[in-house]
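**Student:** Below: one structure in C-alpha cells.
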Amino acid sequence: MTTELKNDTLIRALLRQPVDRTPVWIMRQAGRYLPEYLKIRTEAGSFMNLCQTPELACEVTMQPLRRFKLDAAILFSDILTIPDVMGMNLYFEEGKGPKFANPITSSSDIHKLPRPDVGESLAYVMDAVSMVRRELDGKVPLIGFSGSPWTLFTYMIEGGSSKTFSKSKKLIYQEPALAHMLLAKLADTVTDYLNLQIESGAQIIQIFDTWGGVLCARAFKEFSLRYLTRIVSGLKRENEGRRVPTILFCKACNTQLEALADTGCDALGVDWTISLREARERVGSRVALQGNLDPAVLLADPETIHREVNHTLTSFGKAQGHVFNLGHGITPDVKPEHLGALINSVWELSPAFH
Ligand code: 1CP
C-alpha cells in the first residue's frame, strides 16, 4: 500500500494550510441517488450484507469517485455497526430505517451491554478500509468515521429512528448515572474503533453527532460534548508520518460552536442554518470549517446551484480553512448530474478565494 498522497488538498485545508482551490467532498456521496449503488444494493440483498462484504463496500466507496472530481473517499459503512456488535443485531426494514432484533427493554439490558472487541467483531470494516486504500492508490485521502456516543445512544435506547427522542431524554434526566455508564462505554468503544480505522489506513476521521441538536445546551455539554472531547483526546493524531485530522459534525448545534472548537478537533462540520461568515467569526482561527450548502439546493437547476455555490464560498471569504460540503447528507432524490454541476462550480469558482 502506498503512503504517498497525490492530492492532499483536503488534509491541508482541514489543517488550515494554504491551498490553491477549495477541496470538496459530499456527506453520503455513495448512496441511493446513484443508480450504480442501487444495482449493487439490490444484488447484495441487504444493506448489512453490503457493509459486511469488504469487496462490495470497497466498490460502493469508489463509485462516486469515478463520476466526480472529489477530494476524498469516505468509507462505505454505517454508524450503527457498533450497537450491532454490542449484541443488538441491526437490520433494516425496507423503507422503515434501522431496527434491532434485540432491543433494549429495561435498565438491566443496559447494564448487560458489553464493551465489544471491535478489532475482532468489526474486522470486516478494517478489511474494507485496507482494500479501499489499495484501490485508491494514493489518489485522494480516505475518510473513516463513527457516530458520536450520544447519537448511537439515541438509536439504541429508542430502538431505531425517532422524532421525539422521548426514551433517551427520559433516561438522561431520570437515571443520569445509568446514561453516563452507557455513554462512557460507547465513547471508549468509538475511540478503539476509530484508532483501528486509522491503523488500517483511514487518513481523516469524521464523527457524526446527528442528534446533538435535540438536547438543551446544558444536557448537550453533559451528555454529548463531554464524550466527544474524551474521544478526540484519545485518538491517534498521526499515522504514516502525516497528521490525521479530525472533523466533528454536530447537526443543529450551532449554539455550541465555540465549545466544539475547544474539544481539540481540527475542523467543524456546520449545517446550513448558520452563515459561514458568522461561524468563522465565532470560532476564529482555532478550527477549519466544513460545509454548508443546503442539500435541497441540489434539487434546483445547475444555474441555481452555481449561484448558491458562489454564495457559500463568498460567505466563508478569502481565507484558509474551508472545505466545501453540504450541510447534511445528499438526499436520494438528487440527480447525479446536479452533484456534478456543484463540484464543477466549486472547481471553477474557488481558486479566486485563495
Ligand atoms: O438501503 C440503503 O441503501 C440504506 C441507506 C443507507 C446508506 C447509504 C444507510 C442506512 N446508511 C448508509 C451509508 C452511510 N451511513 C454512510 C456512508 C458513507 C457516505 O457518506 O457515503 C455514512 C457516513 C452513514 C452515517 C449514518 N448512518 C448517520 C450519520 C450521518 C447522517 O447522515 O446524519 C446516521 C444517522 C445513520 C443511521 C442510518 N443508517 C441508514 C439510515 C437510513 C439511517 C438514518 C435513519 C434515521 O433517519 O434516523
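The values are calculated or read from the model by the stated rules, or taken from the named source; none is laboratory data. Just so it is clear, the model here is predicted, and its values are computed rather than measured. Backbone-built Cβ (ideal geometry, glycine too); neighbour counts: all protein chains shown. Please note that ligands, DNA and RNA were not included when accessible areas were found on the heavy atoms of the full protein model with its side chains. Shrake-Rupley method; radii C 1.70, N 1.55, O 1.52, S 1.80 Å.
**Student:** Give the number of residues within the range 169-220 that are part of a helix (DSSP H, G or I), of a type outside the set (Phe, Trp, Tyr) and open to solvent by less than 10 Å² (accessible area, probe 1.4 Å).
**Tutor:** Adding up the residues that qualify gives 13.
**Student:** Something else: Regarding Lys69, is this residue exposed (fewer than 14 other Cβ atoms within 10 Å of the Cβ), within 21 Å of the chain's Cα centre (by Cα) and at pLDDT 95 or above?
**Tutor:** yes
**Student:** Let me ask something additional. From the set of residues in the range 292-314 that are open to solvent by 60 Å² or more (accessible area, probe 1.4 Å) and of a type in the set (Asp, Glu), which is farthest from Tyr33 (Cα to Cα)?
**Tutor:** Going through the qualifying residues, I end up with Glu303.
**Student:** Next question, about the same structure. Considering only the range 36-56, I want to know if a residue exists there that is in contact (Cβ under 8 Å) with a residue 60 or more places away in the chain and in contact with a Leu (Cβ under 8 Å, 6 or more places away or on another chain).
**Tutor:** Looking through the range 36-56, none of the residues is in contact (Cβ under 8 Å) with a residue 60 or more places away in the chain and in contact with a Leu (Cβ under 8 Å, 6 or more places away or on another chain).
**Student:** Given the criterion open to solvent by less than 10 Å² (accessible area, probe 1.4 Å) and part of a helix (DSSP H, G or I), identify the matching residue among Leu289, Leu339, Leu248.
**Tutor:** Of Leu289, Leu339, Leu248, the one residue that is open to solvent by less than 10 Å² (accessible area, probe 1.4 Å) and part of a helix (DSSP H, G or I) is Leu339.
**Student:** Sticking with this structure for a sec: Can you say whether Arg307 is assigned to a helix (DSSP H, G or I) and free of Cβ contacts under 8 Å to residues at least 24 places away in the same chain, as far as the supplied structure shows?
**Tutor:** Yes: the conditions hold for Arg307.
**Student:** May I pose another question? Hey, among the residues in the range 1-52 that are over 26 Å from Leu342 (Cβ atoms) and of a type in the set (Val, Ile, Thr), which one's most open to solvent (accessible area, probe 1.4 Å)?
**Tutor:** Checking each candidate, the answer is Thr42.
**Student:** Next question, about the same structure. Within the range 99-118, can one find any residue that is within 11 Å of the ligand (Cβ to nearest atom) and outside any helix (DSSP H, G or I)?
**Tutor:** yes
**Student:** Determine whether Pro83 is farther than 19 Å from Leu136 by Cβ and in contact (Cβ under 8 Å) with a residue 24 or more places away in the chain.
**Tutor:** yes
**Student:** Among the residues of the range 133-152 satisfying the criterion of being in a helix (DSSP H, G or I) and aliphatic (A, V, I, L, M), which is farthest from the ligand (Cβ to nearest atom)?
**Tutor:** Looking at residues that are in a helix (DSSP H, G or I) and aliphatic (A, V, I, L, M), I get Leu136.
**Student:** Read through the list (1) closer than 27 Å to Arg32 by Cα; (2) open to solvent by less than 10 Å² (accessible area, probe 1.4 Å), then give the number of the only condition that Asn344 fails.
**Tutor:** The number of the failed condition is (2).
**Student:** Taking the condition of being among the acidic types (Asp, Glu) and closer than 22 Å to Asn325 by Cα, how many residues in the range 228-261 meet it?
**Tutor:** 1
**Student:** Going by the structure shown, is Leu248 under 30 Å from Glu4 (Cβ atoms) and either in contact with an Asp or Glu (Cβ under 9 Å, 6 or more places away or on another chain) or of a type in the set (Phe, Trp, Tyr) (or both)?
**Tutor:** Against the criterion (under 30 Å from Glu4 (Cβ atoms) and either in contact with an Asp or Glu (Cβ under 9 Å, 6 or more places away or on another chain) or of a type in the set (Phe, Trp, Tyr) (or both)), Leu248 qualifies.
**Student:** Pull out all pairs, ordered by first then second residue, where Cβ-Cβ is under 9 Å, the residues are six or more apart or on different chains, the first lies in the range 95-119 and is free of Cβ contacts under 8 Å to residues at least 24 places away in the same chain, and the second is open to solvent by 50 Å² or more (accessible area, probe 1.4 Å) and assigned to a strand (DSSP E or B).
**Tutor:** Pairs found: Ala101/Tyr91.
**Student:** Here's a follow-up. Collect the residues in the range 76-92 that are within 11 Å of the ligand (Cβ to nearest atom), open to solvent by 10 Å² or more (accessible area, probe 1.4 Å) and outside any strand (DSSP E or B), keeping them in residue-number order.
**Tutor:** Passing the criteria: Phe76, Ser77, Asp78, Ile79.
Matching residues to (1) farther than 30 Å from Arg66 by Cα; (2) among the aliphatic types (A, V, I, L, M):
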{"residue": "Ile143", "(1), (2)": "no, yes"}
{"residue": "Gly159", "(1), (2)": "yes, no"}
{"residue": "Leu182", "(1), (2)": "yes, yes"}
{"residue": "Leu186", "(1), (2)": "yes, yes"}
{"residue": "Tyr193", "(1), (2)": "no, no"}
{"residue": "Gly201", "(1), (2)": "no, no"}
{"residue": "Glu238", "(1), (2)": "no, no"}
